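Structure first, commentary second.
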Amino acid sequence: MRVKCFDEEHEIDLQEAMNEFLKGVPDESIVDIKFAVSHFFDGEGQVFSYSGMVVYRG
């Protein structure tokens with residue numbers, strides 16, 4: 001089993017990064033894909049973190 005983690009400030013960036021990675025992973029190798037969103041206030045404004053994790057055989 002292998003794991004690839006992603007973390008981006010914008011959901012579109014996360015989508016693009018994960019899709020680019022998944023081009024090289026055969027569908028039958030993918031075990032699971034997780035997604036999470038978190039945010040916090042940094043004193044100036046809200047900061048968002050969009051994360052994804054791909055679990056695959058490889």
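The values are calculated or read from the model by the stated rules, or taken from the named source; none is laboratory data. Quick caveat: nothing in here was measured; it's all calculated off a predicted structure. Backbone-built Cβ (ideal geometry, glycine too); neighbour counts: all protein chains shown. Heavy atoms of the whole protein, side chains included, go into the accessibility calculation; ligands, DNA and RNA do not. Shrake-Rupley method; radii C 1.70, N 1.55, O 1.52, S 1.80 Å.
Identify all residues within segment 27-47 that are farther than 12 Å from ARG57 by Cα and among the hydrophobic types (A, V, I, L, M, F, W, C); write none if there are none.
ILE33, PHE35, ALA36, VAL37, PHE40, PHE41, VAL47
Kindly list, by first and then second residue, each pair from a residue in segment 10-26 that is within 19 Å of ARG57 (Cβ to Cβ) to a residue that is acidic (Asp, Glu) and open to solvent by 90 Å² or more (accessible area, probe 1.4 Å), limited to pairs with Cβ atoms under 9 Å and residues at least 6 apart or on different chains.
If the second residue must be acidic (Asp, Glu) and open to solvent by 90 Å² or more (accessible area, probe 1.4 Å), no pairs are left.
Go through (1) modelled with pLDDT of 95 or more; (2) among the hydrophobic types (A, V, I, L, M, F, W, C); (3) surrounded by fewer than 11 Cβ atoms within 10 Å (Cβ to Cβ); (4) assigned to a strand (DSSP E or B) one by one and return the number of the condition MET53 breaks.
(3)
Can you report the number of residues in segment 24-44 which are on the phi < 0 side of the Ramachandran plot, surrounded by fewer than 10 Cβ atoms within 10 Å (Cβ to Cβ) and not in a strand (DSSP E or B)?
Going through segment 24-44 one residue at a time, the tally reaches 5.
Consider only pairs whose beta carbons are under 8 Å apart and that are at least six residues apart or on different chains; among these, list those whose first residue lies in segment 36-49 and is in contact (Cβ under 8 Å) with a residue 40 or more places away in the chain and whose second residue is part of a strand (DSSP E or B).
SER49/ASP7; SER49/GLU8; SER49/VAL37; SER49/SER38; SER49/HIS39
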